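**Q** Can you read through this structure? Questions will come right after.
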Amino acid sequence: MPIFEPEFECMPVDELKILQLYRLKKVLRIVYENVKPYRKKMDERGIKPDDIKSLENIKYLPFTTKDDFRENYPYGLFAVPMEKIVRIHSSSGTTGKPTVVGYTKRDLETWSTLTARVLSAGGVTSRDVVHIAFGYGLFTGGFGLHYGAEKIGASVIPVSSGQTKRQIMIMKDYGSTALVCTPSYALHIAEVMKEMGVDKSELKLKYGLFGAEPWTESMRREIETRLGIEATDNYGLSEVMGPGVSYECLEAKSGLHIAEDHFLVEVIDPETEEQLPEGEWGELVITTLTKEALPLIRYRTRDITKIYREKCSCGRTLIKMAKPSGRTDDMIIVRGVNIFPSQVEEALLEISGVSPHYVIVVDRKDHLDELEVWVEAEDAIFFDSMRKQKEMIDKITEHLTQALGVKTIVKLVEPKTLERSMGKAKRVVDRRDFLKNYEKS
Ligand code: DLL
């Protein structure tokens with residue numbers, strides 16, 4: 001399999017560390033000079049960029065969190081003037097306000113190189129027909145992988161998400177050879193193919209490149225068998241760039257190589273915030289080394305993983321991360337869309353007649369996530385006529401679907417029936433529990 005940038009992906013580790021330190025020093029000077037919140041944080045700690053003399057010194061720098069995005073919404077963390085920004089994407093925020101990310105021309109260039117690496121590592125070459133079923137829009141999945149596929153010289157079909165039967169018809173007729181989407185959508189496609197009576201032998205699919213949500217080895221096996229493909233995992237997050245942060249190689253399919261020439265990674269204990277040694281599970285923290293528009297220092301991803309360096313059969317020397325096993329916050333990922341309970345709460349509070357007592361129930365039917373929100377009605381509504389109740393349900397459904405960006409099923413429950421909690425309210429019932437179920441199978 002060709003490696004997209006062997007000069008970086010297979011770099012001797014000592015050289016890589018020199019490159020990382022050089023880039024780290026540069027990015028620190030840039031944020032100190034151009035991003036007020038960073039200068040303030042560093043001044044408060046009495047740290048100047050030149051004080052950081054080794055990669056180990058990074059532990060003295062302050063963290064960046066989603067709160068920093070919120071406090072500096074929308075563009076306050078940008079390190080360049082708006083005239084240099086050529087693209088804007090965003091993702092859900094913890095308070096309903098989205099996280100806004102920007103890219104310069106050079107950032108887009110870097111991003112497409114990194115997603116080209118992802119695709120290349122997963123088997124894609126210029127001879128492939130790449131079917132991208134991630135959403136195109138503010139979500140980084142569609143556009144991010146699109147430009148990487150073009151960079152490789154593959155033929156790209158920007159199908160975007162939804163309309164599964166049409167997707168299958170396109171795959172069959174246009175001869176798609178690589179499928180790019182979430183792992184759960186891949187399984188759903190397999191399910192719909194069965195319903196339609198389309199056999200995998202009628203498709204030309206060879207590779208599947210899946211990411212944007214957690215999945216397991218057993219899920220990989222199932223997707224591979226049902227679609228007759230080789231499936232690889234890739235990870236990323238919008239704040240840091242989008243897809244392209246780390247990627248599995250087809251040769252080993254074990255652990256995701258982190259693009260260390262662009263990202264410096266640490267794993268910390270989320271409670272003590274102390275760095276953990278390689279091989280220990282904790283929260284992944286990322287510092288961007290080459291981003292221009294939105295450099296991030298020690299960004300706390302909230303994703304739980306471990307990092308480890310091992311000789312890989314593919315020849316890449318880049319450190320690996322394990323498949324993320326969960327998150328340290330209450331974010332849930334439904335059909336690839338990130339949702340925080342606080343967004344549901346905020347949306348509900350905008351409607352009169354409903355109480356702020358709710359439970360979010362996530363389930364998986366036919367391999368597709370289903371989002372239900374159970375809401376307590378106030379007395380007056382609950383004892384209203386059926387017609388009025390139905391109107392209320394429709395109103396909440398429309399409002400939540402709009403606010404969350406994912407189809408929501410609303411159930412109105414009797415006043416005071418949802419459990420009241422003395423401590424932290426349990427807002428989410430995740431019936432998918434797919435990580436556990438799949439591991440068992
Ligand atoms: O999901 C970017 C992406 C798009 C990655 C397409 C891969 C492919 P966000 O919407 O900001 O960005 O969500 C980021 O999704 O912090 C993880 O919790 C989760 N996540 C992303 N990839 C994986 C993965 C995109 N491979 C959040 N395994 C991250 C497990 C993942 N979780």
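**Q** Can you give the calculated 222 nm mean residue ellipticity of the chain, where each DSSP H run of n ≥ 4 adds -39,500 (n - 2.57) and the sum is split over every residue, rounded to the nearest 500 deg cm²/dmol?
**A** Values: 13 runs with 146 residues, N = 441.
Theoretical 222 nm ellipticity from helices: -10000 deg cm²/dmol.
**Q** May I pose another question? Would you kindly calculate the translational diffusion coefficient of segment 286-441, applying Stokes-Einstein with the Kirkwood radius from alpha carbon pairs, for 10 °C and a viscosity of 1.306 mPa s, and quote it in µm² s⁻¹ without decimals?
**A** 85
**Q** Given labels modelled 7 Å from the Cα in the Cβ direction, how far is it in nm from E273 to A252?
**A** 3.3
**Q** Taking a ≥ b ≥ c as the square roots of the eigenvalues of the Cα gyration tensor of segment 150-217, is the shape rounded (a/c under 1.5), prolate (a/b larger than b/c) or oblate?
**A** Numbers: a/c = 1.60, a/b = 1.06, b/c = 1.50.
Taking the square roots of the gyration eigenvalues as a ≥ b ≥ c, segment 150-217 is oblate.
**Q** For the chain, with a Gaussian network of springs between Cα atoms less than 10 Å apart, report the residue from P12, P243, P49 with the top mean-square fluctuation.
**A** P12
**Q** Rounded, prolate or oblate, given the Cα gyration tensor of segment 247-346, with a/c below 1.5 counting as rounded?
**A** prolate
**Q** Report ³J(HN,Hα) in whole Hz for each residue of segment 363-368, in order, from the Karplus equation J = 6.51 cos²θ - 1.76 cosθ + 1.60 where θ = phi - 60°; Gly and Pro get x.
**A** For segment 363-368, the Karplus curve yields 9, 10, 10, 6, 6, 10 Hz.
**Q** Between segment 306-324 and segment 237-282, what is the separation of their alpha carbon centroids in Å?
**A** 9
**Q** Let me ask something else about it. Percent antiparallel among DSSP beta bridges with both residues in the chain, to the nearest 5?
**A** On the way: 41 of 66 bridges.
So the antiparallel bridges amount to about 60 percent of the total.
**Q** Another question, if that's okay. Sequence neighbours fewer than 8 away in the same chain don't count; with that in mind, list the lysines whose C-alpha is under 25 Å from K165.
**A** Output for K165: K194, K200, K204, K206, K365, K407.
**Q** Return the long-range amide H neighbours of G135 (sequence gap of 5 or more, or a different chain), with a cut-off of under 5 Å between placed amide H atoms.
**A** HN-HN under 5 Å from G135: G142, S161.
**Q** What shape does the chain take by its C-alpha gyration tensor, where a ≥ b ≥ c are the square roots of the eigenvalues and a/c under 1.5 counts as rounded, a/b above b/c as prolate, and the rest as oblate?
**A** Oblate, because a/c is 1.5 or more while a/b does not exceed b/c.
**Q** Ok, one more. Could you please rank E292, E260, E251, placing first whichever residue has the fewest other Cβ atoms within 10 Å of its Cβ?
**A** The most exposed by this proxy come first: E251, E292, E260.
**Q** Do any cysteines of the chain lack a neighbour Cys whose Cβ is under 4.7 Å away, and which are they?
**A** C10, C181, C312
**Q** Could you identify which residue out of G279, G244, G336 has the top mean-square fluctuation in a GNM of the chain using Cα springs shorter than 10 Å?
**A** Its mean-square fluctuation being the largest, the pick is G279.
**Q** For T115, T110, which order do you get if you count the other beta carbons within 10 Å of each Cβ and list the fewest first?
**A** T110, T115
**Q** For a label point 7 angstrom out from the Cα of K311 toward its Cβ, which stretches of segment 120-145 have the backbone nitrogen within less than 13 Å?
**A** So the set is empty, nothing qualifies.
Throughout, read-outs are computed from the coordinates displayed, never taken from laboratory work. The structure presented is a predicted model; accordingly, all values stated were derived computationally and were not measured. Methodologically, a virtual Cβ is constructed for each residue, glycine included, from the backbone with ideal geometry; neighbour enumeration extends over all protein chains shown.
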